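One structure below.
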Amino acid sequence: MQFSDITKWQQVETELKIRERQQRAIAELGQRALANTDLSVLMDETVRLVTQVLDVKLGGILELLPGGNILLLQAGVGWHEGFVGSAMAGTEPTSLLGHTLLTSKPVTVDDLRVETRFDGSPLLHNHRVVSGINVTIATQGKAFGIIGAYATQERIFTDDDSYFLQTVANVLALAIERKQSEERLRLMERAIAASSNGIVLTDALQPDNPIIYVNPAFEEITGYQASEVIGQNCRFLQGDKQNQLALDELRNAILEQRDCQVTLRNYRKDGTLFWNELYIAPVFDSLGYLTHFIGVQTDITQRQEALLALRQREEQYRSIVETATEGIWLLNKDNETTFVNQQMANMLGYTTEEMLGKMLFSFMDEEGIAITNANLERRRQGIHEMHDFKFQCKNGSPLWAIVSCAPVFDEQKNYAGVLGMVTNITERKQMEEKLVYQAFYDALTGLPNRVLLMERLGQAIAQVKRHPENLFAVLFLDLDRFKVVNDSLGHAVGDQLLVAIAQRLQSCLRQNDTVARLGGDEFTILLSHIQTIDDATLVAERIHQVLKSPFNLSGYEVFTSASIGIAIGTTQYDQPTDVLRDADTALYRTKEQGKSGHIVFDTAMYEQALALLQLETQLRRAIERQELSVYYQPIVSVSTGAITGFEALVRWHHPQQGMISPDKFIPIAEETGLIVSIGQWVLREACQQLRQWQKQFPAFKSLNINVNLSAKQFSQPNLVKQISQILKETNLAPSSLKLEITESTIMANSETAATVLKQLKAFGVQLCIDDFGTGYSSLAYLHRFPIDVLKIDRSFINQIDSDRERLAIVSAIVTLGSHLGLSVVAEGVETMEQWAQLKLLQCAFAQGYLFSKPLNAEDTGVLLATTLGF
Ligand SMILES: Cc1cc2nc3c(=O)[nH]c(=O)nc-3n(C[C@H](O)[C@H](O)[C@H](O)COP(=O)(O)O)c2cc1C
């Protein structure tokens, strides 16, 4: 063997040794890496191993910090004290370390001092590094850092060295990678364990997909421990509810290996229900084969219960809304209907569907729209209100309602519409309207009644005060023959007549005039805005005209006419009653003057009426104050002139006005009914007086007294009793009393007259027809009634000497009297000629100024005494 051979062999042997050491070192490193040693310990050991194997002074691992610009010396051998863990180097591509990071191969430097490829690194330079080898540690294609070995004298690194360091870097990279993924897994586990969702992993490769993992939240939610459930299929959570609809979806998803989400009814270990919102997803391996399923549970029991409670509440509200008797109506901010209940729709005659979406205004008339616009403005201001309102139904009829409306605001406090509660008050309103109508209108004719007339009259008075040139007039109208129609044809026909008259009256008037019925057959017309009296009288004439044509009522042809009193409304009136009073006075006058006319009131009438009223008051007092007295006018025998009796006549001596004529006050007494008490008083007074004279002058014991009986007295039910009472009281023989009754009194009471007269007659009182010849032309009653005396009216007597016809009448009456056995008295005899005629006609008795005027009791006593020659 040659020397060179020996040297070569030695070299080979050395190389083999080195290689063997390197391989051992790598095996050792691999074992350490697998032994799950802490990474920093592993890096320290790796650096120590590398420096030993490569036999260099310095070795280190520099980790690339996040950002990629700085390398930190994490582990090392041979560095100055304190450098490991803190020394840093830049990664500029011009530096050795920066260049290494950019290269995937080991970078060796034989002599840094002469190196031209890179700049010298301060870190290496400070440690007098001359040669070195660097390799990038790459994990999953990313640089983790650099591992390097450095010598302080010149050293050539071989390919074996490079290979060795590269292998070390690879082993280290694997170890780092493993450590990193272990770390990630731990994090994931932490996340899964910390999740509030229940998480289940099942093994899809085993039969029936058993659970292989559950997290603590699963245990929390279900109440089962992991150990109790691992190996089971999840369906145990369903209790006996394994036929839920959602399970079909789940089964299909599992079958089709896709993810899905369902909500399931599950039961906890303690048996209580919980709602499980379950998401499952398949897990595939790197070859795309299904290996697992992952399930994520969310316990939505609270949410579900809240939802159910909400639905229940909604259901409750719905049933309240639908059973409410009120209508409920919801509008949006544009006044469109967004909800109505059935009641509301029924009230208006629509279906709920017809109403939805329609504007509120579609359900009201124009007046309603104007009111509603104002109301809605107040809703926008947040005002809650209640008011009466008139809607319009589908068929056009009104719906009266009380509406309670509240504004609605959304969560941002913006106006969102109105909620209305509607109560139907149509019936009540109609009733109110009817009551109002009844209060102001006459039920029979439909004309305004007294109340409404007075109201309008009040307005007319106010109007004329503002505009004195615009007069008004009131026409008071009274039907002339209404009582006859009512009595003969019955009330029903009478009512028809009133209705027909109402219509004819209205036809005579303008729109603004009022015709009112005040009751009975009294109509009143208010003419507004007239210029002259003629305007009113023209209307009156028109009325007379339209009433002229006959009315055809239930087959009867009825004629009627009216008397009209007119009052012209000027500024002098303050009260409606004053106007009516004056029209009434004028009406009274019209009637006095005959029927079917009209008279316009003037102030003279008023004064007259007032005077009459005063007279009435004074007459009432006159009786109390004994201002009345009885006068006596002798009745004489025509043949002898001897006094046979007297007619008692009432006189009123007024303390201020002196004697007031009976013509003036007797009609008032008649009208007011005072005549009854006056008549009674006169009767008593006269009977008493006669009885006294009879006693005083026995020669005159057959004297008679004539007392007038008015129509009112005659109709007194206890008349006979009253008279007998007076006769008894005064002790006068009934035959001395002659009651004078007019024909008209008898005829007005024709039904009862016969009975009353018979009773009086039976009593012994004599009966005398007063004013005979002026009243009824029929003589038939003369024999029907038990009459004793006829008194021929003065109108015949005072002309018998000049008027032959009158003479003939008087003659006929005297003859009639004698034939019927009645005595006849001529009234009003004033002249000797008249007396002579009466004598010729053989009239038995006479009365008049020729013989004596009426005298007071005292003077009459004197007369009697004188006659007897006292
Ligand atoms: C990952 C995963 C998680 C599941 N979690 C639940 C669960 O929490 N509750 C449940 O009732 N079912 C769960 N199931 C569904 C049942 O295991 C089963 O697939 C379902 O009852 C239908 O199958 P079956 O008809 O054989 O019961 C889950 C299924 C998988 C794959």
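The values are calculated or read from the model by the stated rules, or taken from the named source; none is laboratory data. Remember, it's a predicted structure, so these values are computed and weren't measured experimentally. Reconstructed Cβ throughout: ideal geometry from the backbone, glycine too, with neighbour counts over all protein chains shown. Areas reflect the complete protein model, heavy atoms only, side chains present, ligands, DNA and RNA absent. Shrake-Rupley method; radii C 1.70, N 1.55, O 1.52, S 1.80 Å.
When the P(r) is computed for segment 324-430, the part past 20 Å accounts for 33% of the Cα-Cα pairs.
Rolling a 1.4 Å probe over the protein chains gives TYR279 an accessible area of about 80 Å². Each of MET359, MET454, MET832 has its accessible area taken with a 1.4 Å probe; listed largest first, they run MET832, MET359, MET454. A Förster distance of 35 Å, applied to the separation of the beta-carbon atoms of ALA35 and THR94, puts the FRET efficiency at 0.30.
Given just the C-alpha atoms of segment 350-508, how large is their convex hull per residue in cubic angstrom?
200 Å³
Computed with a 1.4 Å probe on the full set of protein chains, the accessible area for LYS179 sits at about 50 Å². Size descriptors for segment 486-592, from the alpha-carbon set: Rg then Dmax equal 14.8, 48 Å.
Converting phi to 3J(HN,Hα) with the Karplus coefficients 6.51, -1.76 and 1.60 and the offset θ = phi - 60°, segment 575-590 yields 10, x, 4, 5, 5, 4, 4, 5, 5, 5, 4, 5, 5, 4, 4, 4 Hz in sequence order, with x at every glycine or proline. Expressed to the nearest 5 percent, the antiparallel share of DSSP beta bridges inside segment 625-867 is 40 percent. Take the Kirkwood radius over Cα pairs of segment 727-870, plug it into Stokes-Einstein at 4 °C and 1.567 mPa s, and you get 78 µm²/s for translational diffusion. Semi-axis lengths, largest first, of the ellipsoid equivalent to segment 3-186 are 26, 22, 14 Å, with √(5λ) applied to each eigenvalue of the Cα gyration tensor. Stretching TYR849 away from ALA374 to a fully extended chain increases their span by 162.0 nm, per 0.36 nm per residue minus the current alpha-carbon distance.
For a paramagnetic label modelled at 7 Å from the Cα of THR272 toward its Cβ, which residues of segment 290-311 fall within the zone defined by backbone nitrogen distances under 18 Å? Those under the cut-off are 298-309. When the GluC sites (Glu not before Pro) in segment 361-414 are filtered for DSSP coil states and for at most 15 other beta-carbon atoms within 10 Å of their beta-carbon, the remaining sites are GLU411. Segment ALA733..GLU249, full-extension length gain: 161.0 nm, with 0.36 nm per residue of separation and the alpha-carbon distance subtracted. Annotation: lysines with alpha-carbon distance below 22 angstrom to LYS483 (same-chain offsets under eight excluded): LYS548, LYS591, LYS595, LYS712.
Sort HIS384, HIS127, HIS292 by accessible area with a 1.4 Å probe, largest first.
HIS384, HIS292, HIS127
Note on LEU310 and ASP388: the model spin-label points, each 7 Å out from Cα along the C-beta direction, lie 4.4 nm apart.
Over the chain, DSSP H runs of length four or greater, each weighted -39,500 (n - 2.57), average out per residue to a 222 nm ellipticity of -14500 deg cm²/dmol.
Solvent-accessible surface (1.4 Å probe) assigned to ARG684 amounts to roughly 80 Å². So if R0 is 45 Å, what FRET efficiency would ASP365 and LYS591 give, r being the distance between their Cβ atoms, rounded to the nearest 0.05? My answer for the efficiency is 0.35. With 0.36 nm allotted per residue and the present C-alpha distance subtracted, the ILE70-GLN11 stretch has 17.1 nm of extension available. Translational diffusion of segment 625-867, estimated by Stokes-Einstein from the Kirkwood radius over alpha carbon pairs at 37 °C in a medium of 0.692 mPa s, is 178 µm² per second. Counting only alpha carbon atoms, the long axis of helix 857-867 and the longest principal axis of the chain meet at about 10°. A simple spin-label model places the labels of GLU183 and LEU444 11.7 nm from each other, with each point 7 Å out along Cα-to-Cβ. Taken over the chain, the alpha-carbon convex hull comes to 409 cubic angstrom per residue. Sorting MET605, MET431 by accessible area puts them as MET431, MET605; the probe is 1.4 Å, largest comes first, and only protein heavy atoms count. What spacing in nm lies between the two simple spin-label points modelled at TYR781 and GLU81, each 7 Å away from Cα in the Cβ direction? Between TYR781 and GLU81, the label points sit 16.9 nm apart. Using the Cβ-Cβ distance between LEU290 and LYS241 with R0 set to 35 Å, the FRET efficiency from 1/(1 + (r/R0)^6) comes to roughly 0.80.
Excluding ligands, DNA and RNA, the accessible surface per residue across the chain is 53 Å² with a 1.4 Å probe.
Restricting the chymotrypsin sites (Phe, Trp or Tyr not before Pro) of segment 426-528 to loop positions (DSSP other than H, G, I, E, B) with no more than 13 neighbouring Cβ atoms within 10 Å leaves nothing.
Short to long, the 10 Å bins of the Cα pair-distance histogram for segment 271-380 hold 11, 24, 19, 13, 13, 11, 7, 2, 0 percent of all pairs.
Among the trypsin sites (Lys or Arg not before Pro) in segment 508-594, those placed in a DSSP loop whose Cβ has at most 12 other Cβ atoms within 10 Å are ARG510. For segment 749-814, carbon and sulfur atoms together expose 49% of the accessible surface, with a 1.4 angstrom probe and every protein chain in place.
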